[in-house]
Amino acid sequence: MIRFGPAGNSESFYNQGYTRTAEAPKWINQMGLNAFEYPFVRGVNMSDDTALILAEQAKLYNIEFSVHSPYYVNFASTNEELVLKSFNYIMQCLHTLKIMGGKRIVIHSGSLTKQMRIDAYNNVKKRFTELIEMVYSGGYGDMLLCPETMGRTSYIGSVDEIVEICKIDKCIVPTFDFGHINAITNGSLKTKNDFRKVIDKAFDAIGERAKNMHIHFSKIEYGLKGEIRHLTMADTIYGPEFAPLAEILHEYKMTPFIISESGGTMAEDALLLKQIYESIK
């Protein structure tokens, strides 16, 4: 089943008087959406009791949660203490995510710091292999780890790097952030064929499992070093546009989660993405 939803709460959610994310499942259900990505980007600070409340509301309103793990995760690092903390962040996220009733965790793989790219990438692959062992031994083998494509060259997260990481185990699927991909390639995503080339890399690497990938979509301002800031779908300068990708999703009969990361209008733009998808026959 394809799902659409926001990453966090839109500004309009708070402007309408809502204050707690526990109110979000009903709110976004009434908009016609069915997914929500909870941002643990500054750390996992949710109690089990709160996670249970969110799970109840999600079940009531047909919302499935995913989570975004902390930005502090860095599997490329040579600092073993930092790597251990990174493992702990992921395991904490999985614990809470399972209580919330969700299955998908988005992960930033890490930054190069002062390393050669190949060395940082090899560190990331090694740590993901170690993480898989923790995931299964911890009872989270039914979850999906979703490493994300990144918008700057100083991070591990090119399309090729992410799909190679996904070969490690069946519980890893890519998060293709098409705004990031467009930003780091200087606006390369314009035609249906441009999107097809990206999607095909996932299918070539992991086969039918790619149908169930995770997708982030927003328009992003970019410069010489890649991503600068997230925009809204109303932007007419930077792109990318969603319709060409939506055609591929239909053609390949894909069932991804599609999460809007627009600046402040995540829910509204998630609904727009859904409407574009549904308008294509």
Out of all the residues in the stretch 5-21, is one or more among the hydrophobic types (A, V, I, L, M, F, W, C), over 20 Å from the mean Cα position of the chain (by Cα) and under 15 Å from ASP269 (Cβ atoms)?
yes
Within the stretch 136-158, restricting to residues that are among the hydrophobic types (A, V, I, L, M, F, W, C) and crowded, with 21+ Cβ neighbours inside 10 Å, the one that is nearest to LYS197 (Cα to Cα) is MET150
Of (1) over 27 Å from MET91 (Cα atoms); (2) buried (at least 16 other Cβ atoms within 10 Å of the Cβ); (3) acidic (Asp, Glu), GLU221 satisfies every one except (2)
- Query: Condition test on CYS93, is it touching a His at 6+ places or on another chain (Cβ under 7 Å) and either in contact (Cβ under 8 Å) with a residue 24 or more places away in the chain or within 30 Å of THR21 (Cα to Cα) (or both)?
  - Reply: no
Requiring at least 1 residues that are within 20 Å of PRO147 (Cβ to Cβ) and in contact with a Phe, Trp or Tyr (Cβ under 7 Å, 6 or more places away or on another chain), the strands (runs of 3 or more DSSP E) wholly within the stretch 169-281 are 214-217, 220-223, 257-260
Taking the stretch 230-281 and the residues there that are of a type in the set (Phe, Trp, Tyr) and more than 18 Å from the chain's Cα centre (by Cα), the one that is nearest to SER66 (Cα to Cα) would be TYR277
Flagged in the stretch 36-56 as within 17 Å of GLY101 (Cα to Cα) and touching a Pro at 6+ places or on another chain (Cβ under 8 Å), in numbering order, are PHE36, GLU37, PHE40, VAL44, LEU54
TODO: May I ask you to verify whether ASN123 is assigned to a helix (DSSP H, G or I), at pLDDT 95 or above and surrounded by fewer than 22 Cβ atoms within 10 Å (Cβ to Cβ)?
DONE: yes
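The values are calculated or read from the model by the stated rules, or taken from the named source; none is laboratory data. Here the structure is a predicted model, which means the values were calculated and not measured. Glycine gets a Cβ as well: all are built from the backbone with ideal geometry, and neighbour counts include every protein chain shown.
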